[in-house]
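Chemist: Sharing a structure, written as structure tokens. Questions coming.
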Amino acid sequence: MKLVLAYISPEHFERVRNALVEHHIHGLTVMEARGFGQEHDHAHPEHREFMGLEMTRKLRLEIACHDEEAETVVRALYEAAHTGRRGDGKILVLPIEDALRIKTGERGDAALGPGPV
């Protein structure tokens, strides 16, 4: 099992959501987030000076999926959110040790629901 974390610009959310639905991804959590990236690093080629630390609005998406779905999820997120401009975001893939569906008591992969279509 994998947890795919994505930090995207809010204006790309509808495209990302539609891409995930098209790929039959059956679970998604969305949270508002603020942060900054490499543009604040003096060594980064697109570094900019700020009067204070500017925090950029992002959405944090969390998608728990079966191992064999992870690449499909990553590809869908990338294709929907990529513009090639600063601030496109990040996608992280993390292992999940275990899962428990509270309603049924199912554990592991079964707790995530049906596998890939």
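Chemist: Collect the residues in the range 25-47 that are modelled with pLDDT of 90 or more and surrounded by 12 or more Cβ atoms within 10 Å (Cβ to Cβ), keeping them in residue-number order.
Modeler: L28, V30, A33
Chemist: Filtering the range 71-117 down to residues that are among the basic types (K, R) and out of contact with any Gly (no Cβ under 9 Å at 6 or more places or on another chain), which residue is surrounded by the most Cβ atoms within 10 Å (Cβ to Cβ)?
Modeler: It comes out as R75.
Chemist: Can you pull out every residue in the range 48-65 that is more than 10 Å from V4 (Cβ to Cβ) and either modelled with pLDDT of 90 or more or surrounded by fewer than 12 Cβ atoms within 10 Å (Cβ to Cβ) (or both)?
Modeler: R48, E49, F50, M51, G52, L53, E54, M55, K58, L59, R60 - these are the residues of the range 48-65 that are more than 10 Å from V4 (Cβ to Cβ) and either modelled with pLDDT of 90 or more or surrounded by fewer than 12 Cβ atoms within 10 Å (Cβ to Cβ) (or both).
Chemist: Any residue that is at pLDDT below 90, part of a loop (DSSP other than H, G, I, E, B) and in contact with a Lys or Arg (Cβ under 9 Å, 6 or more places away or on another chain) - is there at least one of those in the range 7-24?
Modeler: Within the range 7-24 (the criterion being at pLDDT below 90, part of a loop (DSSP other than H, G, I, E, B) and in contact with a Lys or Arg (Cβ under 9 Å, 6 or more places away or on another chain)), the answer is no, since none of the residues qualifies.
Chemist: Within the range 67-117, can you find the residues that are within 22 Å of R17 (Cα to Cα), assigned to a loop (DSSP other than H, G, I, E, B) and in contact with a Leu (Cβ under 6 Å, 6 or more places away or on another chain)?
Modeler: Those that are within 22 Å of R17 (Cα to Cα), assigned to a loop (DSSP other than H, G, I, E, B) and in contact with a Leu (Cβ under 6 Å, 6 or more places away or on another chain): none in the range 67-117.
Chemist: Let me ask something else about it. Considering only residues that are modelled with pLDDT under 95 and over 18 Å from L5 (Cα atoms), which ones fall in the range 66-107?
Modeler: Residues satisfying the conditions are T83, G84, R85, R86.
The values are calculated or read from the model by the stated rules, or taken from the named source; none is laboratory data. Small disclaimer: the values here were computed from a predicted structure and weren't measured. Quick reminder, even Gly has a Cβ in these numbers, built from the backbone with ideal geometry, and neighbours come from all protein chains shown.
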